[in-house]
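Comments concern the structure below.
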Amino acid sequence: MEYLSTFIIIGVILLFLAGIRIVRPTQRALVERLGKYSHFANPGFNWIIPVIDKMYMINITEKMINAESQVIITNDNLNASVDAQVYFKIKSDEESVKNSQYNVNNIEYQIVNLARTTLRNIIGTMTLKSANSERGKINRELHNTLLEETMNWGIQIVRTELKEIDPPKDVQETMNKIVKAENEKVAAVDFATATETKADGEKRAEIRRAEGFKQGAILRAEGEAQAIALVNEAAEKYFVGNAQMLRRIQAMETSLKDNSKIVVPMGSDLVNVMGAMGGVLPLKEK
């Protein structure tokens, strides 16, 4: 009896140890008893009945799966190589974990095929150019479709990313040439605008210089007019009735500027005026 008791105690201990299960924080577990769902296991220490119970560990951290590259015919009949990535995770509550295991078979394979089909439907209605320029729109539509289709799978579609949309090589070369031509066109327009701006600036500068010359000429003319007015005023004051004599003096003054010699007849009125102006009186004849 003593040996039997010892054997039973050892058996119980071994049975207890065999049923110990530790669930990590990044996992949740489903326990089935004789092939039927029994209960949900949270992180930490858990114990199941060996042989009768079976525990399935489920990772609930975020995962990334590649939708794999595929060739899609766009709306403008061009073949585009398209690749995308899907980020998802299984929700941590009991119902979601159960759904991820009992409502869908091979969840990652299902997501990949659903993503590929959705991409064909979306990009097939777009031109290659619009598909390249509207990647954000494609990502949103793919994300929304996956959310709707996987609603009962117990998972959360975190985000989707369109990796690439590559056209055929010959189309890519043509597109590169078009982009280069457009860039050269923009550069030419910018250069023409800069040249026009420079010419306009030079034109305005010339106008300002011309206006300056014009203003200077006007000022000089006004100065000469004022000088003439002063001369006329002096003539009226000092040479009343001798305008003809004033004109002769002015003519002589102009001639003397070039060191010209003037012969003035002795006894003329001009000699008397010049002598008076110079403080010299003419000699009287004896």
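Hey, fewest Cβ within 10 Å first, where do K203, K54 land in order?
By the 10 Å Cβ count, ascending, the order reads K203, K54.
Starting with the highest mean, order 100-110, 5-15, 76-86 by the number of other Cβ atoms within 10 Å, averaged over the residues of each peptide.
Descending mean neighbour count gives 76-86, 100-110, 5-15.
Using the alpha carbons of the range 31-95, what is the convex hull volume per residue in cubic angstrom, as a whole number?
Hull volume normalised by residue count: 145 Å³.
Would you calculate the volume per residue, in Å³, of the smallest convex hull containing every Cα atom of the range 63-167?
Residue-normalised Cα hull volume stands at 77 Å³.
Net charge around I138, counting only other residues with Cβ within less than 15 Å of its Cβ (Lys, Arg = +1; Asp, Glu = -1)?
Combined, the nearby Lys, Arg, Asp and Glu give +2.
Taking 0.36 nm per intervening residue step and subtracting the Cα-Cα distance, what contour gain separates Y56 from N75 on full extension?
Result for the pair: 2.2 nm of gain on full extension.
If I model a spin label as a point 7 Å beyond the Cα along the Cα-Cβ vector, how far apart are those points for E222 and I207 in nm?
Distance between label points: 2.3 nm.
For the range 1-148, what is the charge dipole size about the Cα centre, in debye to the nearest 20, if Lys and Arg each add +1 at the Cβ and Asp and Glu each add -1 at the Cβ?
120
In whole Hz, with x marking every Gly and Pro, tabulate ³J(HN,Hα) for the range 3-16 from phi via Karplus 6.51 cos²θ - 1.76 cosθ + 1.60, θ = phi - 60°.
Karplus-based 3J(HN,Hα) across the range 3-16 equals 5, 5, 5, 4, 5, 5, 4, 5, x, 5, 4, 5, 5, 5 Hz.
For T6 and K36 in one chain, what is 0.36 nm times their gap in residues minus the Cα-Cα distance, to one decimal in nm?
Value of the extension gain: 7.4 nm.
Find, to one decimal place in angstroms, the Kirkwood hydrodynamic radius of the range 1-119, where the mean of 1/r is taken over every pair of different Cα atoms and then inverted.
Computed over the range 1-119, the radius equals 17.8 Å.
For A18 and T197 in one chain, what is 0.36 nm times their gap in residues minus the Cα-Cα distance, to one decimal in nm?
In short, 55.6 nm is gained.
Computed from the coordinates by the stated procedures, all read-outs in this text should not be read as laboratory data. Note that the structure is a prediction, hence the values are computed from the model and not measured. Backbone-built Cβ (ideal geometry, glycine too); neighbour counts: all protein chains shown.
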